[in-house]
Structure formats: structure tokens, C-alpha cells
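Worksheet: one structure, shown below.
The values are calculated or read from the model by the stated rules, or taken from the named source; none is laboratory data. Values in this document were obtained by computation on a predicted structure and should not be read as measured data. Because the Cβ atoms are built from the backbone with ideal geometry, glycine has one as well, and the counts that use them run over all protein chains shown.
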Amino acid sequence: MNDKKENSIEDIILDPELSEQLKNLVLERVSIMPDTLRMSVGSDELTKNDVLKHVKEGDDIGNQIMEMELGFLRDLASGAVYSYE
């Protein structure tokens, strides 16, 4: 990942208004996922409820989840998700 992209993700996380908007978006997206959702973060396996809790609390794991979601959405918007290169 290049520095410009990382800095802009960090800027979003650090901006209270943008961070709150991102948090709400992530909470909505996760809430519509199946209850069987499992996510690995480090050596921990998180359930859907765990993910929602961490994002709501805005702790380190919640911020990592928000950063991953933002990266996915950017890749989706740029077409990188559909690229076969």
C-alpha cells in the first residue's frame, strides 16, 4: 500500500466526523451479514457480535476492522476487486 493511501485512511480515522460516518457505515454493513460471520484478527476469531462490539467501542480491533472495510470499499470503487491482474 502506498503512503498516500495509508495517510488518507489514517486521516479519516483521526477525523471525528469522518470516523463516525465510517463507523456507522461499517456497523450497517456488518449488521446485515449472516449471524454465522466469523472474522480472524490476529490469533482471535471474532463473531458477528464481537465485530459489532469492537467497532462500536472504537478500540484497536474496531479501528482495524474499519480500516479493512475502508480499504475494501476503495478497492471496490476503483475496480481492483474485479481485476484479474
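Every residue, every condition in (1) over 14 Å from the mean Cα position of the chain (by Cα); (2) on the phi > 0 side of the Ramachandran plot; (3) small (G, A, S); (4) outside any helix (DSSP H, G or I), yes or no:
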residue: L22; (1), (2), (3), (4): no, no, no, no
residue: E28; (1), (2), (3), (4): no, no, no, no
residue: P34; (1), (2), (3), (4): yes, no, no, yes
residue: M39; (1), (2), (3), (4): no, no, no, yes
residue: H54; (1), (2), (3), (4): no, no, no, no
residue: N63; (1), (2), (3), (4): no, no, no, no
residue: G71; (1), (2), (3), (4): no, no, yes, no
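Using the structure shown, decide if L18 is at pLDDT 95 or above and either in contact with a strand residue (DSSP E or B) (Cβ under 9 Å, 6 or more places away or on another chain) or part of a helix (DSSP H, G or I) (or both).
Values: at pLDDT 95 or above: no; either in contact with a strand residue (DSSP E or B) (Cβ under 9 Å, 6 or more places away or on another chain) or part of a helix (DSSP H, G or I) (or both): yes.
So L18 does not fit the description; no.
Return the residue satisfying two criteria in turn: it lies in the range 22-80 and is touching an Asp or Glu at 6+ places or on another chain (Cβ under 6 Å) and over 22 Å from D11 (Cβ atoms), and of such residues it is surrounded by the most Cβ atoms within 10 Å (Cβ to Cβ). Going through the qualifying residues, I end up with K48. A search for C-beta distances below 6 Å between a residue of the range 64-85 that is of a type outside the set (A, V, I, L, M) and at pLDDT 90 or above and any residue that is assigned to a helix (DSSP H, G or I) and surrounded by 13 or more Cβ atoms within 10 Å (Cβ to Cβ), counting only pairs 6+ apart in sequence or on different chains, returns E67/I9; E69/V26.
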